[in-house]
Amino acid sequence: MFKVSGLGRARSAVFVMPPSYTAGFIIRKSCSNYKLHNTLNVIYLRKIASLLLFILLFIFAVSCRRYNTQQPAQVTTPTEHQRIEEVLLLVNQQLVDDDDMEIETFVEREGWQMQTTGSGLRYMIYVHGQGEKAVTGKVVTLDYTVSLLDSTVCYTSELLGFKKFRLGRGEVERGLEEGVLHMRMGDKARMILPPHLAHGLTGDGDCIPFRAIILYDVNLVGIE
């Protein structure tokens with residue numbers, strides 16, 4: 001309800017909105033983004049929980065190994081360590097699945113039509129050149145921007161210079177090298193690298209945080 005108060009001819013209106021009305025207004029105003037934000041929140045919570053479980057199990061596994069090395073030799077069945085390793089693999093798979101869900105949500109939001117490779121790399125060539133095909137053994141030069149999915153820019157060729165490397169040497173992120181092998185001279189492409197194709201669990205120790213999904217926007221400007 002609204003309350004109106006006034007004195008004489010100089011009247012003023014005071015609107016008192018109960019919390020339920022205010023909350024309803026906010027929800028209605030942002031209804032178009034509500035599903036997206038809710039999905040992302042679920043993904044982030046699942047990723048954090050899975051990562052914490054992975055770390056705890058890893059610490060437990062290491063502790064068990066240290067304890068066993070300090071004990072007299074015993075006849076043991078290969079069950080305990082196998083179970084721990086199986087659980088670690090399951091948790092790691094859960095992390096990969098959560099990354100995949102986050103990427104899918106992002107791609108859907110952007111409206112991009114991307115190809116997905118067997119490794120989990122997503123890429124799209126949005127400008128097609130007519131030049132030479134990039135192949136293993138060639139030295140390629142990239143004009144590039146690296147950012148996170150929240151639009152945080154990490155590195156650019158404008159600040160650091162072109163990225164130049166030989167394909168097949170493992171000199172850059174595995175996902176970037178895989179993506180470039182789909183390109184020709186003059187192509188412009190976007191590539192989304194999940195953590196296992198980028199900087200893994202720890203990040204790069206600088207601008208890219210731990211377990212970060214990164215987005216490359218590249219222009220293949222040189223092949224030699």
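FYI, it's all coordinate maths here, none of it is from the lab. Because the structure is predicted, anything quoted here is derived from the model rather than measured. Every residue, glycine among them, receives a Cβ derived from its backbone with ideal geometry; neighbour counts consider all protein chains shown.
Taking a Cβ cut-off of under 9 Å around I125, the surrounding Lys, Arg, Asp and Glu residues balance to a net charge of +2, with basic ones at +1 and acidic ones at -1. Annotation: aspartates and glutamates with alpha-carbon distance below 19 angstrom to K133 (same-chain offsets under eight excluded): D143, E177, E178, D187, D217, E224.
If each residue's Cβ is checked for other Cβ atoms within 10 Å, how do E104, E177, E158 rank with the fewest at the top?
So the ranking, lowest neighbour count to highest, is E158, E104, E177.
On the beta carbon distance between E108 and F162, with R0 = 25 Å, the FRET formula returns roughly 0.20. Classified by the C-alpha gyration tensor, segment 115-223 has a prolate form. Its axis ratio a/c, with a ≥ b ≥ c, is 1.5 or above, and a/b is larger than b/c.
Using C-alpha pairs below 8 Å separated by at least 6 residues, the relative contact order for segment 115-223 is 37 percent.
Taking each residue as 0.36 nm, the span from H128 to D97 lengthens on full extension beyond its C-alpha to C-alpha distance by 8.0 nm.
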